[in-house]
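One structure is given below, encoded as structure tokens.
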Amino acid sequence: MEEQSGELCEPESEEGEKQGPGPPSDQAHPVTFDAPDGGWGWVVLVATILVLALTLAFPSCIGIFYLDLQEAFNASNSETSWVPSIMTSVLHAGGPLCSVLVEHFGCRATVMFGGVLSGFGMAVSSFSHSIVHLYITTGVITGLGFCFSFQPAVTILGHYFVRRRPFANAMSSTGTALGLSTLPFLGDYLRSTLSWRGSFLVLGAVLLNCCVCGAVMRPVRPRKPRKIEVMSNGPKPAGKKGCLLGIFRNLASGLRKHMAFDLFCSNLRFRVFSLGITWMMLGFVVPLIYLVPYATAHNMDPSRAALLLSILGFVNIFVRPPVGVLFSLSWFKGRHIYVFSAALLINGLSNSICCISASFPVLLMYVVTYGLSMSVVGSLMFTVLMDTVEMSRFPSALGLLSIMESVTLLIGPPLAGILVDRMKEYTYVFVACSISVVLSALFLMVSFYYLDSRDAAQKNSNSPVPGSPAKPAVNLLMDCQYSSVPREGDKTNKTSLEAERNTDV
């Protein structure tokens, strides 16, 4: 009854004093629970929505303070763009470290620690006196805090929902839309009243709400008891050589467990998906960073430019829930990747709309089209990854994917800034982003179609042809000789013949 309502227990202590509902657990076979698909899971879903609103959407809202940071530190476009770029890159690159924290302390404690770290980073950044200080405080510290809050929230949501997982992922992705629709308004208001330094201080306090969200993320099943190490009396390698060998073994084991390199080498679908997403991130986030500077550079009021980001967020809020319900239907099972690729293709093509004009109606049409396609991409991204790998390997797969994404997320905005500094025009940025995203969408679509066609052909070749005789289950050896076993009548006849021979003699 408790499993259905979602009233789930705390992790077991190391001594095993706390027991969850159900039969008592032993050291060899710990108790596990099925996903509630409801109950307390809805509370965790709301908390995940808020965490994603405060983390994933935050780097895009740095564009509100883009011109202020340029003036305060006399920085170029490429230098200023490193601030959101480092933040977004660290947000994704901290995945393996986040996996280690989740394993040792659980999702709840890791999310709360991330909230404290991100709030501290933004508060300290308000006292920065150079752009390099912002790289460390706003970029590294705050980005790492975002990583520690975002990834455990997505991971624990996957444990709470199985049957309704596409719907839960779509609903949680509305958190990004919620942040995009509210943080620009908040940032613009704080900037006009408190300047960028006061705004960063207040935003640091707002980020502490991740701690509240993490507090409600109770674990689905008790933590596995710590295994008792068996002391070995065999010979051990001594000296520096043995120490280095142990370090390398632990390092290899950690890389396999938390970064899924073995999964990347063995699972072709995961490899293709990881490469496609890494390629996509080179131009997927950049338009959100440069949209406000592009509009204000063409004499648009900063408040109206911030309104564009808010409209983009509202479009995501209203579109993602029905999209999640729609793609939860059984017909879409196995077709999520194609819907994802088609939406990504439309998203890339929509960036070319900005090249028409910088007027408000044209940019409004752009954010609506971009928002519709972004809703589908955001709703299906984690669903496609969960379809590609087993759920037990999802945290490590997400960690490796995050590491790969961080490379293109780091270099994307600075490359766009260099392009603006040299060409003196923002439209080239949107053209470059359009080409990058469109090519990644075509790569994913064609690759998965080829893999599905190959698997279908192999399945058909292995299936028996209708009307053909079935193959024997056991293959008989050709050099085996068989002798007939005499029946009862044969034994009687043989006995009578022997009797006749004896009589004749």
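Figures for the structure shown
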item: Estimated distance in nm for a label pair at D455 and I418, the labels positioned 7 Å out from Cα along Cα-to-Cβ; result: 3.9
item: Å² per residue, accessible surface of the range 323-435 at 1.4 Å; result: 40
item: Per residue accessible area of the range 58-129, 1.4 Å probe, in Å²; result: 35
item: Environment charge at A456 (Cβ cut-off 15 Å; Lys +1, Arg +1, Asp -1, Glu -1); result: +2
item: Counted charge near L194, where neighbours are those whose Cβ lies closer than 15 Å (Asp, Glu -1; Lys, Arg +1); result: 0
item: Carbon/sulfur fraction of accessible area - the range 393-442, other protein chains in place, 1.4 Å, %; result: 75
item: Extension gain from C355 to V325, taking 0.36 nm per residue of separation minus the Cα-Cα distance; result: 7.4 nm
item: Contour excess over end-to-end distance, with Cα ends at S303 and L245 and 0.36 nm allotted per residue; result: 14.9 nm
item: Neighbour-limited loop hits for chymotrypsin sites (Phe, Trp or Tyr not before Pro), the range 374-462 (at most 14 other Cβ within 10 Å; DSSP other than H, G, I, E, B); result: none
item: Summed residue charge, Cβ within 14 Å of Y338's Cβ, Lys/Arg positive, Asp/Glu negative; result: +1
item: Highest to lowest packing among 41-54, 279-292, scored as the average C-beta count within 10 Å; result: 279-292, 41-54
item: Per-residue HN-Hα couplings for the range 102-109 [Karplus 6.51, -1.76, 1.60; θ = phi - 60°; Hz; x = Gly/Pro]; result: 5, 5, 8, 10, x, 5, 4, 5
item: Projected label distance in nm at V162 and N462, using a 7 Å step from Cα toward the beta-carbon; result: 2.4
item: Burial ranking of peptide ranges 403-416, 171-184 (average Cβ count within 10 Å, highest at the top); result: 171-184, 403-416
item: R304, R320, ranked by accessible area, largest first (probe 1.4 Å); result: R304, R320
item: E425 accessible area, assembled protein chains, probe 1.4 Å, Å²; result: 60
item: Whole-Å distance, taken between Cα centres, linking the range 300-371 and the range 404-455; result: 17
item: F58, F120, reordered so the largest accessible area comes first (probe 1.4 Å); result: F120, F58
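The values are calculated or read from the model by the stated rules, or taken from the named source; none is laboratory data. Not measured: the values here are computed from a predicted model. Heads up, the Cβs are rebuilt from the backbone with ideal geometry, glycines too, and the neighbour counts pull from every protein chain shown. SASA here: full protein model, heavy atoms, side chains in, ligands and nucleic acids out. Shrake-Rupley method; radii C 1.70, N 1.55, O 1.52, S 1.80 Å.
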